[in-house]
1. For segment 71-144, build the charge dipole from Cβ charges (+1 Lys, Arg; -1 Asp, Glu) around the Cα centre, then report which of 83, 120, 99 sits farthest towards its positive end.
2. Counting other C-beta atoms within 10 Å, which of 55, 22 has the fewest, and how do the rest follow?
3. Spelling out what I want: for every residue of segment 7-18, take phi, set θ = phi - 60°, compute 6.51 cos²θ - 1.76 cosθ + 1.60 (Karplus), and round to whole Hz; glycine and proline get x.
4. Share of antiparallel DSSP beta bridges in the chain, in percent to the nearest 5?
5. Quick one: what are the phi-derived ³J(HN,Hα) couplings along segment 166-176, Karplus 6.51/-1.76/1.60 with θ = phi - 60°, whole Hz, x for glycine and proline?
6. For segment 30-130, which chymotrypsin sites (Phe, Trp or Tyr not before Pro) pass both filters: DSSP loop (anything but H, G, I, E, B) and at most 15 other C-beta atoms within 10 Å?
7. What is the local net charge at residue 103, summed over the other residues whose Cβ is closer than 12 Å to its Cβ (Lys, Arg +1; Asp, Glu -1)?
8. Quick one: longest stretch of the chain between exposed loop trypsin sites (Lys or Arg not before Pro), exposed meaning at most 16 other C-beta atoms within 10 Å and loop per DSSP?
Amino acid sequence: MRPVSLLELRQVGYQVGDTPILQDINLTIDQGEWVTLTGPSGGGKSTLVRIMASLLSRTSGELSFVGKSIDDYDPIAYRRRVSYSFQQPTLFGATVRDNLQFPYQIRQLPFDQQRAVTALKYVGLTAADLDKAVVDLSGGQRQRVALLRNVMIYPEVLILDEVTAGLDADNKAFVWSMIRHFNVDDGITIVAITHDQAEIDAAKRLVTLADGRLVGGAQ
Ligand code: ADP
């Protein structure tokens, strides 16, 4: 049985003034897929995923999510289903708990502490770290907590924009193994921009973008 298409881009383009940034992007991403997006710096990767995440609007073409145009979704509801994580982690509040509680607060849901503790274990942290001050975390720990915050309530698509940039090998391994768990065990669709050679070599599906176009034609 063919998997469900989650994201479908048809002839998507993005132009600033007269300058084309993205052109003729045709890409279908199925439920449960892991798409690794790579290519030279300035090729348009961030622009493309920001369009997919509804943080930027395409200037041409069609983009649909679960068979319906992105234009027909409420942007806030959409961004909860298609979540975007950027390389620079921004933590707020005083403690790790403040951050992990946040997704529940904005939805007016009770905090699921058990789930938070389980999630912390996945990334090599413990229940005691819930009350740790954000300022006392290492850079790698901050990055892991920032990612966890985005997945406390699972999105359907997790878009990762160089989330392991600047991390050392151990922290990279933690982050990738956590993401692998989300994909393999929980079926979350992953779209990950990376320059990590090991990830590129291991990619299940590699999509390359250069000069604003997909290399290799329709995908
Ligand atoms: P990548 O993520 O592959 O490094 P980006 O998507 O960040 O590429 O950028 C692609 C190109 O588009 C770059 O040359 C960048 O300078 C340009 N660009 C992106 N957004 C804008 C904008 N709002 N105005 C002008 N140029 C832009």
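Laboratory data are not the source of any read-out in this text; all were calculated from the coordinates shown. Quick caveat: nothing in here was measured; it's all calculated off a predicted structure. All Cβ positions, even for glycine, are placed from backbone atoms using ideal geometry, and neighbour counts span all protein chains on display.
1. Of the options given, the answer is 120.
2. 55, 22
3. For segment 7-18, the Karplus curve yields 10, 10, 10, 10, 6, 6, x, 9, 10, 10, x, 9 Hz.
4. Antiparallel: roughly 50 percent of the beta bridges in the chain.
5. Coupling constants for segment 166-176: x, 8, 7, 4, 5, 5, 4, 4, 4, 5, 5 Hz.
6. 92, 111
7. +3
8. On the way: sites that count: 107, 204.
Between the exposed loop sites, the longest stretch runs 1-106.
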